[in-house]
Structures are given as C-alpha cells and as structure tokens.
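Input: a single structure, listed below in structure tokens.
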Amino acid sequence: MKLQINTLVKIFLLVVLIYLSVVYYIYYENKVLYANAKYTTAIALRNTYGTGNSGIEYRYLVNDSIYLAWDSTSKKALEGTNYFIVYDEKNPKHSSFFVECPAPDSIKFIPKDGLKEIPIKKYQKYVESYFDDLLNGWLTQFFP
C-alpha cells in the first residue's frame, strides 16, 4: 500500500513539474514576443476547430518572406479575411493571431518590416490588455 502511495506522489509531482514547465515556456515566449513586438496583417486560411487543435491557420508577410502559422483562438476567424497579428521583430516566425482585431479594408499599406503599433487605438488597447493579463497574471508572479 505504501509503495502505491509513493508512486502516486511521484506521478503527481511529475505532472505538476511538467505543467509548470509548460506554463513557464509559454510565459517566456510571450514575454519575448511582447518585448520585440511588431504588427502586420495576416490572412486567415483555415479554422481548425473539431480537429483536436482549436485555432486558426494563417499566412503573413514580413520583409518579403512569407510565414505560415497556427495559433489557438477562442473564436473562429472568417477565412480569407485579414486580421492584425503581432510578431517578434527578431524572430518573425514567432507570432500571435488576434481574431478580435480584423483589419479594415481601408488599410491598404503596411510597411514590409511591420508597424510599431496597430493603427486602430481600440485594437492596440486590446493587445496591450492581452499581454498585460498574460504577463502579469497571478501565476506569473513566480517567474522572473
């Protein structure tokens, strides 16, 4: 009986360690993304709901290079529509898609090296709030 309890405790501790490692990795990646943030638009290619990975596949252009990415989203995107994304200026393949921030047709030009901020104030506030919640949540107070 004691052997079973020790085994269960070890499994529990291993699961907690793996969970905290994943949380720290996500926190660190987003901290770097926010520190090197540039913005552009991406075209929503395909919603992946119901396939085991709920999210959106999208394509974007930075400095004449095309990037294909996938991001988890809470809502479906309208396929074929442009949305604002944030990407890491130092590593453009690292990005995050904002389904809440569709790009209006009135935005015709975005510099090939991206924007310092989204030209729509309510969208920029949304992004700032997103990162603030992500990087300053209760669990992240334990990370440097």
Relative contact order (%) - criterion: Cα under 8 Å, at least six apart; region: segment 1-100
25
Pull up the cross-link candidates among the lysines for residue 93, meaning alpha carbon to alpha carbon under 21 Å and not fewer than 8 places away within one chain.
31, 38, 112, 116
Between residue 20 and residue 116, what is the spin-label point distance in nm, taking each point 7 Å from the Cα along the Cα→C-beta axis?
4.0
What's the extension gain from residue 100 to residue 78 if we count 0.36 nm per residue and subtract their Cα-Cα distance?
6.8 nm
If 93, 121, 38 are placed from fewest to most neighbouring beta carbons inside 10 Å, the sequence is 121, 93, 38
Angle between the Cα long axis of helix 121-135 and the longest principal axis of the chain, 0 to 90 degrees, nearest 10?
20
Burial ranking of peptide ranges 12-19, 74-81, 54-61 (average Cβ count within 10 Å, highest at the top)
54-61, 74-81, 12-19
If you place +1 on the Cβ of every Lys and Arg and -1 on the Cβ of every Asp and Glu, how big does the dipole about the Cα centre of segment 32-136 come out, in debye to the nearest 20?
180
If one takes the longest principal axis of the Cα atoms in the chain, at what angle in degrees, from 0 to 90 and to the nearest 10, does the Cα axis of helix 2-35 lie?
20
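A short reminder: the numbers here are calculations on the coordinates, not readings from a lab. All of these numbers come straight from a predicted model, not from anything done at the bench. Every residue, glycine among them, receives a Cβ derived from its backbone with ideal geometry; neighbour counts consider all protein chains shown.
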